[in-house]
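Participant: Take a look at the following structure, please.
The values are calculated or read from the model by the stated rules, or taken from the named source; none is laboratory data. Just so it is clear, the structure is predicted and the values come from calculations on it, not from any experiment. Neighbour counts run over all protein chains shown; Cβ positions are idealised from the backbone, glycine included.
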Amino acid sequence: MNNKIKFAVIGQGHIGKRHAEMVRRNEESELVAVCDVLAKESLELNDLKEPFYNTVESMLQVHPEIEVVNICTPNGLHAKHSLLALDAGKHVVVEKPMALSKNDCETMLFKALQKNKNVFCVMQNRFSPPSVWLKKIVEEKIVGDTFMVQLNCYWNRDERYYKKGGWKGTQELDGGTLFTQFSHWIDLLYWIFGDIKNIQAKFNDFNHSDLTEFEDSGFVNFDFINGGMGSINYSTAVWNTNLESSITIVGSKGSVKVGGQYMDKVEYCNIKDYELPNLDPTNEANDYGAYKGSANNHPQIISNVIDTLKGRNTITTNAMEGLKVVDIIERIYSLRKEDRKS
């Protein structure tokens with residue numbers, strides 16, 4: 001049980017490089033190889049010590065010792081690359097979203113069960129202290145019955161992000177704003193409050209018509225199956241920099257709001273006979289230069305994979321939960337066609 005878990009990473013963009021580095025830093029893991037369709041030189045990997053491959057098949061063939069494959073490729077390729085790894089008998093760590101359709105997720109889930117392998121879905125915001133606290137006060141009914149939940153995600157994604165000729169902004173490989181930018185927050189909604197029904201939605205493309213093939217903003221409202229109603233208000237049309245990511249809860253015993261640019265601080269807590277505990281600080285957001293993303297909790301992801309495979313813990317976000325997030329987004333996006341007609 002003291003042997004190092006052997007990893008490989010497919011995709012060497014920003015997030016793939018981060019996965020590789022987190023594997024290197026963990027004393028119980030070993031990075032065996034990395035893979036990307038682009039040339040090693042164009043990816044600024046000149047100092048790479050591990051073997052580099054341009055095809056998944058060649059990497060898996062040369063290195064049968066690989067135990068876990070991390071999928072850090074464009075969204076629309078997650079299912080394809082996950083299935084290649086699962087077919088080869090490897091566990092899979094797949095970046096968000098798990099795939100771009102519920103059908104693809106189900107295929108991955110079936111293959112994982114067939115091969116007796118795990119699929120770990122990267123939803124690292126579950127590790128943020130405010131998120132853990134929110135789940136506790138909802139599950140333990142500290143805030144009482146859930147009346148209303150509002151999720152606000154107002155970010156900037158402009159020409160600095162959507163490069164001409166790249167995969168971001170395409171329907172086939174990106175999938176949409178809710179998949180690429182905000183699936184982390186929809187995961188938190190599902191993780192904390194459960195599934196939704198009676199969805200209504202309105203969408204608009206305010207300033208991305210030359211940059212993307214889909215909407216940049218939307219209003220979504222729904223009922224929670226477990227009781228209460230909720231809404232998601234989102235946009236990537238914010239000028240220059242991210243504005244906020246927040247969850248507000250109105251419950252029968254009080255109200256809370258976790259906000260900030262990256263849902264990283266408790267802004268309001270007023271609950272009957274309750275005092276807000278001191279929470280650990282949230283990790284800084286992932287920094288990609290001109291813009292930032294979700295919290296940098298990838299070390300916890302790698303640690304969870306190792307702990308799970310060594311029998312010390314369970315998966316933080318399993319394949320069924322990853323599938324549910326995709327299912328919710330797919331159901332929301334099914335209303336886009338109706339919205340265009342009205």
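Participant: Output the residues belonging to the range 114-151 that are in contact with a strand residue (DSSP E or B) (Cβ under 9 Å, 6 or more places away or on another chain), of a type in the set (D, E, K, R) and in the same structural domain as Asp187 (by TED's automatic domain parsing).
Facilitator: Once the filter is applied, which keeps residues that are in contact with a strand residue (DSSP E or B) (Cβ under 9 Å, 6 or more places away or on another chain), of a type in the set (D, E, K, R) and in the same structural domain as Asp187 (by TED's automatic domain parsing), the range 114-151 yields Lys141, Asp145.
Participant: Of Leu151, Leu134, Leu178, which residue is within 12 Å of the chain's Cα centre (by Cα) and either under 18 Å from Pro74 (Cα atoms) or touching a residue at least 60 places away in the same chain (Cβ under 8 Å) (or both)?
Facilitator: Step by step, each of Leu151, Leu134, Leu178 is checked, and only Leu178 is within 12 Å of the chain's Cα centre (by Cα) and either under 18 Å from Pro74 (Cα atoms) or touching a residue at least 60 places away in the same chain (Cβ under 8 Å) (or both).
Participant: Is there a residue being in contact with a Leu (Cβ under 6 Å, 6 or more places away or on another chain) and farther than 16 Å from Arg331 by Cβ anywhere in the range 214-230? Give the steps one after another, and end with the answer.
Facilitator: Taking the range 214-230 as the starting set, the residues that turn out to be in contact with a Leu (Cβ under 6 Å, 6 or more places away or on another chain) are none.
Taking every residue of the range 214-230 in turn, none turns out to be in contact with a Leu (Cβ under 6 Å, 6 or more places away or on another chain) and farther than 16 Å from Arg331 by Cβ.
Participant: On the given criteria, is Ile142 in contact with a Leu (Cβ under 9 Å, 6 or more places away or on another chain) and β-branched (Val, Ile, Thr)?
Facilitator: no
Participant: Here are some conditions: (1) under 19 Å from the mean Cα position of the chain (by Cα); (2) closer than 25 Å to Glu244 by Cα. Val119 meets all but one. Which one does it not meet?
Facilitator: Evaluating Val119 over (1) under 19 Å from the mean Cα position of the chain (by Cα); (2) closer than 25 Å to Glu244 by Cα leaves (2) as the failure.
Participant: On to the next question. On the basis of being outside any loop (DSSP other than H, G, I, E, B), over 13 Å from the mean Cα position of the chain (by Cα) and acidic (Asp, Glu), does Glu106 make the cut?
Facilitator: Taking the combined requirement at face value, the residue satisfies it.
Participant: To continue, here is another question. Return the residues of the range 21-72 that are within 27 Å of Asp174 (Cβ to Cβ), of a type in the set (D, E, K, R) and either in the same structural domain as Thr180 (by TED's automatic domain parsing) or at pLDDT 95 or above (or both); say none if nothing qualifies.
Facilitator: Passing the criteria: Glu21, Asp36, Glu57.
Participant: Still on this structure, please answer the following. For a quick check of your reading of the model, give me the residue pairs whose first member lies in the range 250-276 and is among the acidic types (Asp, Glu) and at pLDDT 95 or above, whose second is part of a loop (DSSP other than H, G, I, E, B) and surrounded by fewer than 18 Cβ atoms within 10 Å (Cβ to Cβ), with beta-carbon atoms closer than 9 Å and at least 6 apart or on different chains.
Facilitator: What qualifies is Glu267/Gly260; Asp273/Lys253.
Participant: Next question, about the same structure. Tell me which residues, restricted to the range 24-60, are in contact (Cβ under 8 Å) with a residue 60 or more places away in the chain and surrounded by 15 or more Cβ atoms within 10 Å (Cβ to Cβ).
Facilitator: Answer for the range 24-60, where residues must be in contact (Cβ under 8 Å) with a residue 60 or more places away in the chain and surrounded by 15 or more Cβ atoms within 10 Å (Cβ to Cβ): Asn26, Glu28, Ser29.
Participant: Sticking with this structure for a sec: Being of a type in the set (S, T, N, Q) and part of a loop (DSSP other than H, G, I, E, B), is that true of even one residue in the range 69-84?
Facilitator: yes
Participant: Gln171: assigned by TED's automatic domain parsing to the domain that holds Ser246 and surrounded by 21 or more Cβ atoms within 10 Å (Cβ to Cβ), yes or no?
Facilitator: Considered against the rule, which asks whether it is assigned by TED's automatic domain parsing to the domain that holds Ser246 and surrounded by 21 or more Cβ atoms within 10 Å (Cβ to Cβ), Gln171 comes out as no.
Participant: Select, from Lys141, Lys163, the only residue that is over 19 Å from the mean Cα position of the chain (by Cα), assigned to a loop (DSSP other than H, G, I, E, B), at pLDDT below 95 and farther than 27 Å from Ile302 by Cβ. Outline the logic, then answer.
Facilitator: Details: Lys141 fails: at pLDDT below 95.
After ruling out the rest, the residue left standing is Lys163.
Participant: Residue by residue through the range 73-92, note down the ones that are more than 19 Å from Gln171 (Cβ to Cβ) and among the basic types (Lys, Arg).
Facilitator: Lys90
Participant: Being buried (at least 18 other Cβ atoms within 10 Å of the Cβ) and not in a loop (DSSP other than H, G, I, E, B) is the filter here; which residues of the range 191-209 pass it?
Facilitator: Residues satisfying the conditions are Trp191, Ile192, Phe193, Ile196, Ala201, Phe203.
Participant: Filter the range 69-85 down to the residues that are more than 16 Å from the chain's Cα centre (by Cα) and crowded, with 24+ Cβ neighbours inside 10 Å and list them by number.
Facilitator: Within the range 69-85, Val69, Ala85 meet the criteria.
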